[in-house]
Amino acid sequence: MVLSELRQTPHLSASSINEYVECSLLYKFGRIDKLPMEFKSDALEFGTCIHRVLEAYYSAKMMGDRMLLKDVHEFFVFTWLDMARGRDDIRYADGNDYNSLLMFGRDLLTAWYTKLPDDDFTILAIEEAFSFNLPGIDIPIIGAMDLVEQDNSGTIIITDFKTSGRAYSKDEVDSNQQLTMYQIAAKQNGYADHEILLRFDTLIKTKVPRCEQYWTTRTELDERRLIKKARQVWDGISKEVFVPNDTSWKCKGCAYKQACDAYLEGEEYDQASHP
Amino acid sequence: MTAKEIQKRNQKAEQLKVLQSDDGQYFVESSEGKILYNVIISDAGDSCTCGDYARNVKKSPDFKCKHILAVYNAIPQKQVEGATFLERQAPKLDERWITKIEGKEFVKYPGLLDLGHQKGISSIEVEIVQMPTGDNGNFAVCRATVMSKLGETYSDIGDANPSNCSSKVSKHLLRMASTRAIARALRSYTNVGMTALEELADINEAINEGANHEHPKAQSKPAKKAPSKAPKKSAAEDDQPKSDAAQMAPAVENQDAKESVRKDDAKSPARAGMSEAQRRAIFNLSRRRGISVEEIECMVEESYGVTLDNLTSSDASAFIRQLQTAA
């Protein structure tokens, strides 16, 4: 089953667990009520576009081809054009627009391409969908690993592609639960007897674009902590506990701001009035 | 700036405390005593990190804020104090816990505990693997697991029997095995390559016989001259029963060596060499933490007794975790 099919069924994922913990009302609006977002952020759309380019690059590499930088640029331009041109539901941050991101994307990918290490890891999978069950959670955990590689000694390297406005701190990398979930999934899906290393390939959207690789690992304790947290999240969802975190710095840019205000101010949220 | 303004600033400046950090560099305390502003006095011009200076210097390059004036006032009056900076306290093994026997250094158990607590121990658990009985030659084996406050666990075993303990502790074999196991687990956690004094078969014997109590991994240090032969030679030597080294070395270490002979090194994942991905992870983590390649080499040598290139896959895993928790 591919990820899009898996996503049709009730499930938890690393991001949904995180979302529930950060603002469970946001989780409800997006994942239970399935309210349409009031807007799409340019960062989200741009990140998706870059992600597709990297996916194409590694797909070609898996086939034994190497995309040249100009091919990468071409693919990006085509994808961004397809994704963003003419859309009025994308909310651009100050100073950004369709054209500026088109230019910036090329520079960002140039930074990534020139920084790519010349490794000969075997690509095992790209966008590898996974699904597994955990005791105490009635619905499966699903997700997809952006890139799964193996080196000559059998070590598995699981990579997640990221675009970010800034470099990551040590703690952000070492405690990121998405990577922990990938390790649990990899162990559940046949890689339990392998050494597993985790990595973020991060394209950093600073004025001068740059790219950083962050390697990390997870212990069994990290896995246990996340599993415990996932159980608590599931417990909250099952009991329909959805607490708005309306003092977060993220509220300002939240795509469910109107729905949240209506909910908090006592009105029954009318989905029809917010198509 | 008018003369009146300068006079007013001078009055305010007189109340401020001035500390000198370096030649031409000063810290001036704010009037509330909550902030230190960095003032630089030099031939090229004076500067201060306060908002008043930043605002006014654009209009008037010779502008002097009250903090700069405070330095000017304090210097002739010799009211400048030397600034002292608190050094970040890094865990350190106190020298009093290190003892030298025939030129070789050994760490004492309390020193390992002290260092462990400095780094942050969450728990130490000991499990009895084997009770000493007549049937097994009074051979006690314990496994100790040290858990750090960050959640990493370090585990190792220790053993004791009448032939690898001094006569004074031969009646307390289980406790001795426990102490040795904890010492070994703490050594892994605290990154101490020195053998613990308590691990030795007989301290008096060690003193008499000299310093052959190196960690087995250190013995198999990959001599650059003959890297392929060194480990095999070490294992073979350790496997010889009743050799001087075997008699003096802790029984657990002999056991490790025997195990390493029994296992086919190439086939065992734990004994397989570090993988390319692990190497990249190590260099990536060290770069992000500002640790130089030379420092990494030293850390590996100290912890595992081998060069970076000769790390096993399992040791590389442990080392990656160690780097992850490094500041």
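The values are calculated or read from the model by the stated rules, or taken from the named source; none is laboratory data. Note that the coordinates shown come from a computational prediction; the quantities given were computed from them, not determined experimentally. Here the Cβ positions follow ideal geometry from the backbone for every residue, glycine too, while neighbour counts run over all protein chains shown. Accessible surface is based on the protein model in full, side chains and every heavy atom, while ligands, DNA and RNA are left aside. Shrake-Rupley method; radii C 1.70, N 1.55, O 1.52, S 1.80 Å.
Numbers at a glance
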| item | result |
| --- | --- |
| Which numbered condition A:Gln188 fails, given (1) touching a strand residue (DSSP E or B) at 6+ places or on another chain (Cβ under 7 Å); (2) assigned to a helix (DSSP H, G or I); (3) over 19 Å from A:Glu55 (Cα atoms); (4) within 14 Å of chain B (Cβ to nearest Cβ) | (4) |
| Residues satisfying the stated conditions in region B:273-288, i.e. surrounded by 20 or more Cβ atoms within 10 Å (Cβ to Cβ) and more than 7 Å from every other protein chain (Cβ to nearest Cβ) | B:Met274, B:Ile282 |
| Neighbours by Cβ (under 6 Å, 6+ apart or cross-chain): first from region A:148-175, more than 7 Å from chain B (Cβ to nearest Cβ); second acidic (Asp, Glu) and open to solvent by 50 Å² or more (accessible area, probe 1.4 Å) | A:Val148/A:Glu128 |
| Enumeration of residues in region A:209-229 that are more than 23 Å from A:Glu19 (Cβ to Cβ) and in contact (Cβ under 8 Å) with a residue 40 or more places away in the chain | A:Pro209, A:Arg210, A:Cys211, A:Glu212, A:Gln213 |
| Selection count where residues are among the aromatic types (Phe, Trp, Tyr) and touching a helix residue (DSSP H, G or I) at 6+ places or on another chain (Cβ under 8 Å), scope region A:230-270 | 4 |
| Extreme residue, surrounded by the most Cβ atoms within 10 Å (Cβ to Cβ), among residues of region A:230-241 that are within 15 Å of A:Gln177 (Cβ to Cβ) and in contact (Cβ under 8 Å) with a residue 12 or more places away in the chain | A:Ala230 |
| Any hit, region A:106-115, residues being within 14 Å of chain B (Cβ to nearest Cβ) and more than 20 Å from the chain's Cα centre (by Cα) | yes |
| Evaluation of A:Ala125 against (1) crowded, with 18+ Cβ neighbours inside 10 Å; (2) among the hydrophobic types (A, V, I, L, M, F, W, C); (3) assigned to a strand (DSSP E or B) (one fails), failing number | (1) |
| Tally, over region B:3-23, of residues that are under 36 Å from the mean Cα position of the chain (by Cα) and not hydroxyl-bearing (Ser, Thr, Tyr) | 4 |
| Answer residue from region B:290-317, given it is surrounded by fewer than 15 Cβ atoms within 10 Å (Cβ to Cβ) and within 14 Å of chain A (Cβ to nearest Cβ) and is nearest to B:Met274 (Cα to Cα) among those | B:Asp309 |
| Failed condition for A:Ala144, given (1) buried (at least 17 other Cβ atoms within 10 Å of the Cβ); (2) within 13 Å of chain B (Cβ to nearest Cβ) | (2) |
| Residue within region A:198-215 that is among the β-branched types (Val, Ile, Thr) and within 11 Å of chain B (Cβ to nearest Cβ) present | no |
| Unmet criterion (only one of (1) under 22 Å from A:Arg210 (Cβ atoms); (2) surrounded by fewer than 12 Cβ atoms within 10 Å (Cβ to Cβ)) for A:Phe104 | (2) |
| Scan of region B:140-161 for residues that are touching a Gly at 6+ places or on another chain (Cβ under 8 Å) and more than 28 Å from B:Thr325 (Cβ to Cβ), ordered by number | B:Val141, B:Asn161 |
| Any hit, region B:241-260, residues being at pLDDT below 85 and over 29 Å from B:Asn164 (Cα atoms) | no |
| Any hit, region A:67-86, residues being touching a residue at least 40 places away in the same chain (Cβ under 8 Å), within 27 Å of A:Thr180 (Cβ to Cβ) and away from chain B (no Cβ under 14 Å) | no |
| Region A:232-268: number of residues that are in a loop (DSSP other than H, G, I, E, B) and hydrophobic (A, V, I, L, M, F, W, C) | 6 |
| Hits in region B:103-127 (condition: in a strand (DSSP E or B) and either hydrophobic (A, V, I, L, M, F, W, C) or touching a residue at least 60 places away in the same chain (Cβ under 8 Å) (or both)) | B:Lys104, B:Glu105, B:Phe106, B:Val107, B:Ile121, B:Ile124, B:Val126 |
| Breaking point among (1) within 17 Å of the chain's Cα centre (by Cα); (2) modelled with pLDDT of 90 or more; (3) of a type outside the set (A, V, I, L, M, F, W, C), for A:Arg7 | (2) |
| Qualifying residue in region A:67-80 (condition: closer than 30 Å to B:Arg280 by Cα and open to solvent by 80 Å² or more (accessible area, probe 1.4 Å)) | yes |
| Among the residues listed as A:Ile204, A:Ile227, A:Ile156, the single one being of a type in the set (A, V, I, L, M) and surrounded by 20 or more Cβ atoms within 10 Å (Cβ to Cβ) | A:Ile156 |
| Selection from region B:1-51 of residues that are outside any strand (DSSP E or B) and buried (at least 16 other Cβ atoms within 10 Å of the Cβ) | B:Arg9, B:Ala13, B:Leu16, B:Lys17, B:Ile41, B:Asp46, B:Thr49, B:Cys50 |
| Long-range neighbours under 9 Å by Cβ, at least six apart or interchain, first residue within 14 Å of another protein chain (Cβ to nearest Cβ) within region B:130-154, second part of a loop (DSSP other than H, G, I, E, B) and open to solvent by less than 50 Å² (accessible area, probe 1.4 Å) | B:Val146/B:Glu152; B:Ser148/B:Gly120; B:Lys149/B:Gly120; B:Leu150/B:Gly120; B:Gly151/A:Thr219; B:Glu152/A:Thr219; B:Thr153/A:Thr219 |
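Rundown of residues vs (1) more than 16 Å from the chain's Cα centre (by Cα); (2) over 30 Å from A:Glu223 (Cβ atoms); (3) open to solvent by 60 Å² or more (accessible area, probe 1.4 Å); (4) not hydrophobic (A, V, I, L, M, F, W, C), yes/no style:
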| site | (1), (2), (3), (4) |
| --- | --- |
| B:Trp97 | no, yes, no, no |
| B:Gly116 | no, no, no, yes |
| B:Ile121 | no, no, no, no |
| B:Glu127 | yes, no, yes, yes |
| B:Gly134 | yes, yes, yes, yes |
| B:Ser148 | no, no, no, yes |
| B:Lys171 | yes, yes, yes, yes |
| B:Leu186 | no, no, no, no |
| B:Asn191 | no, no, no, yes |
